[in-house]
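Read the figures in this text as sums done on the coordinates, not as results from a lab. Remember, it's a predicted structure, so these values are computed and weren't measured experimentally. Here the Cβ positions follow ideal geometry from the backbone for every residue, glycine too, while neighbour counts run over all protein chains shown.
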Amino acid sequence: MTMIASTLPRTVLDEARHQVETYCREFAKPDVDAVREAVEAVHRLTGTLGELVDRIREHAPSAFDGGNQHVGEELARDLHATRGCLTTAGLLVAPALDDLRELTDTTPGVGTR
């Protein structure tokens, strides 16, 4: 089995977190288009994080030896719950995202609420 270098979380994922933190600080007085774009990004991000959680859940338990196997099993259960929360987040924001898309649609006769 090929293992991902242990520096991945400290590089790619930390950079992603940093970019989100920067965006949070800069998100001020948005118009409707900016809100829609932000909500779309959150929607995509929760989906992507869910995929990452699935991959971790799939592979992490094998990282624990026999004496600590219970830790891997508990981790898998916790990650399953985390995945459920991320899925729920996407489902909760979807109706608002539909409304925002309708409000910001530039097609004639649409987006004129």
Choose one of 35, 12, 23: the residue whose Cα lies farthest towards the positive end of the charge dipole of region 5-44 (beta-carbon charges +1 Lys, Arg; -1 Asp, Glu; about the Cα centre). 12
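Take each of the peptides 25-32, 52-59, average the number of other beta-carbon atoms within 10 Å over its residues, and list them starting from the highest.
On the way: 25-32: 8.6, 52-59: 14.8.
Descending packing order for the listed peptides: 52-59, 25-32.
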Just to check I understand the Karplus step: with θ = phi - 60° and J = 6.51 cos²θ - 1.76 cosθ + 1.60, what whole-Hz values come out for region 21-28, glycine and proline as x? 4, 4, 4, 4, 5, 8, 7, 9
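Which whole number in µm²/s is D for the chain by Stokes-Einstein, with the Kirkwood Rh taken over Cα pairs at 25 °C and 0.890 mPa s?
Working: Rh = 16.9 Å.
Taking Rh from Cα pairs, D becomes 146 µm²/s.
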Show me, for region 92-100, the HN-Hα J-couplings you get by feeding each phi into the Karplus relation (A = 6.51, B = -1.76, C = 1.60, θ = phi - 60°), rounded to Hz, glycine and proline as x. 5, 7, 4, x, 5, 5, 4, 4, 5
Net charge within 12 Å of residue 56 by Cβ-Cβ distance, Lys/Arg positive one each and Asp/Glu negative one each, not counting residue 56 itself? -1
